[in-house]
1. What residue, among those in the stretch 400-410 that are part of a loop (DSSP other than H, G, I, E, B) and either charged (D, E, K, R) or at pLDDT below 90 (or both), is surrounded by the fewest Cβ atoms within 10 Å (Cβ to Cβ)?
2. Take Pro247 and tell me if it is assigned to a loop (DSSP other than H, G, I, E, B), of a type outside the set (S, T, N, Q) and at pLDDT below 95.
3. Of the numbered conditions (1) more than 24 Å from the chain's Cα centre (by Cα); (2) surrounded by fewer than 20 Cβ atoms within 10 Å (Cβ to Cβ); (3) modelled with pLDDT under 95, Lys138 fails exactly one; give the number of that condition.
4. Just checking, how many residues over the stretch 58-101 are aliphatic (A, V, I, L, M) and in a strand (DSSP E or B)?
5. Inspect the stretch 364-371 for any residue being modelled with pLDDT under 95, within 19 Å of Gln229 (Cβ to Cβ) and assigned to a loop (DSSP other than H, G, I, E, B) and give the result as yes or no.
6. Any residue in the stretch 274-288 that is within 16 Å of Phe376 (Cβ to Cβ) and at pLDDT 90 or above sitting within a Cβ distance under 6 Å of a residue that is open to solvent by less than 30 Å² (accessible area, probe 1.4 Å) and in a loop (DSSP other than H, G, I, E, B)? List the pairs, counting only those 6 or more apart or interchain.
7. Condition first: polar (S, T, N, Q) and either out of contact with any strand residue (DSSP E or B) (no Cβ under 7 Å at 6 or more places or on another chain) or closer than 27 Å to Asn356 by Cβ (or both). Can you find one or more residues in the stretch 192-199 that meet it?
8. Quick one: count up the residues across the stretch 89-120 that are charged (D, E, K, R) and within 18 Å of Ser198 (Cβ to Cβ).
Amino acid sequence: MMIISVGIVQILFMTLYKCAAMPPTNNHENRQLPDRLQSSSDRHHTRPISSFWWPSPETSGGFLSAIHNAQHPKDCSAKSTKYFVMQSLKNNEGDDRGLSAWASVTMQHMIHAFSDGDNFEKGRRILINDEKLWPMAKGCKHGPETRECYFSPLTNCKLSDVNPIDHESSAALTTAKEEYDRSVRTLYSSLQRHPRLSEDKTSWSNLPGSPGDHSQTSLTAAFLAYNLQPQPWLQREIDSRLRRSIPLDLDPERTVGVPIRRSDKCFGHKIAGSAGGELDCPPLEKYLDAVKTFIKFDPLIDSVIVTSEDPTVCPEFIALLKGELPNLRVLTNVGDVQQGTGSASKLESYKDVVNNADVIASALTSFHMHLRARYFVLTTKSSWTTSIAIFARVYGFASEVYVIDIGRNKNAYSSMARRSG
């Protein structure tokens, strides 16, 4: 799940109608929510519309707290505490997987750890990642050059608690599907790009019944919430950006989110160092038609959030909105670093005046902005935009979510984005 984000020099020249527009003219600080927002949804009215919010793994309950508890054993050094070490790819510095793809891979490894590869007889494992360079964390000034630069550690345990790879009580997979001795204390993942897909995704939580008895959307959103918990410095950065971008009078119940994923996602792109294209990117007119459809469905819609990692897209799409739907308020990610790619291995090389931290903070700000929408226009052939919709279904600010998919994928992940389940 896949990523977004305008150079600092360019921002000085942006107009109100570009993706990195001037901030909305309102004073956010210490203001109460309007009454209409306080009553729109009892479940969500206490969440801050224009500042940082994220579900707490410790106190939210449900699958999210179950994941947290599974990853935080009382004694990390005990022989009975077993581990699954998520290894980086052999060419870790060239790993081009974006944020949502990383989150998805981590989720699959975590389910493998919890179920011990669909074998519950020997007990669950703790998932822990290695300490090799994570491309998106290159040059990190806030911590190690790993995922922990941006996100909370996956567990309270340390690599010093696990057995070395050559230990007699360790095993290393050569392929994701390889069988192994479940009695070993420490298991190392293969160096392959794709993880093992476990069949039983919920029994580890101790919920009764079969996996099909429980919401896979809630489960997936919980794993996203757990894996993408921002570090305190990143929380403050996202909060600052949200305060510049989201007006306090925004009503999520009357808002459309349009996360446009293009650039290297499109077939035939010429972006060096990025992953190959994956789809025929829909024309912007299709996004506009979908917004019009939502307005016919709900004439009270008054706002649209527009973001993209592609700096050429937003001005054109916003011009279409202003021409066809002039009464619609358009909100953008103020200061968006639209680096022109979703690939992770060379984020910093696409903009001279930004670094990886700016790109990640900007991308996650866009993600957070869209949580404040009820209606979504997106393509599920992008795991990034699909992840936004899935997360919004469970942890979003609106009471419910509607999706128009203008670039359909055919898998369970895209189905959850379109209709939950």
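1. Looking at the filtered set, the residue picked out is Lys410.
2. no
3. Against the list (1) more than 24 Å from the chain's Cα centre (by Cα); (2) surrounded by fewer than 20 Cβ atoms within 10 Å (Cβ to Cβ); (3) modelled with pLDDT under 95, Lys138 comes up short only on (1).
4. As a first pass, look at the stretch 58-101 and keep what is aliphatic (A, V, I, L, M): 64, 66-67, 70, 78, 85-86, 89, 99, 101.
When the remaining residues are screened for being in a strand (DSSP E or B), the result is 85-86.
Residues flagged as aliphatic (A, V, I, L, M) and in a strand (DSSP E or B) within the stretch 58-101 amount to 2.
5. No, the stretch 364-371 contains no residue that is modelled with pLDDT under 95, within 19 Å of Gln229 (Cβ to Cβ) and assigned to a loop (DSSP other than H, G, I, E, B).
6. From residues that are within 16 Å of Phe376 (Cβ to Cβ) and at pLDDT 90 or above, the pairs are Lys286/Ile406.
7. yes
8. Going through the stretch 89-120 one residue at a time, the tally reaches 2.
The values are calculated or read from the model by the stated rules, or taken from the named source; none is laboratory data. Quantities reported herein were computed from a predicted structural model and do not represent experimental measurements. All Cβ positions, glycine included, derive from the backbone under ideal geometry; neighbour counts span all protein chains shown. Heavy atoms of the whole protein, side chains included, go into the accessibility calculation; ligands, DNA and RNA do not. Shrake-Rupley method; radii C 1.70, N 1.55, O 1.52, S 1.80 Å.
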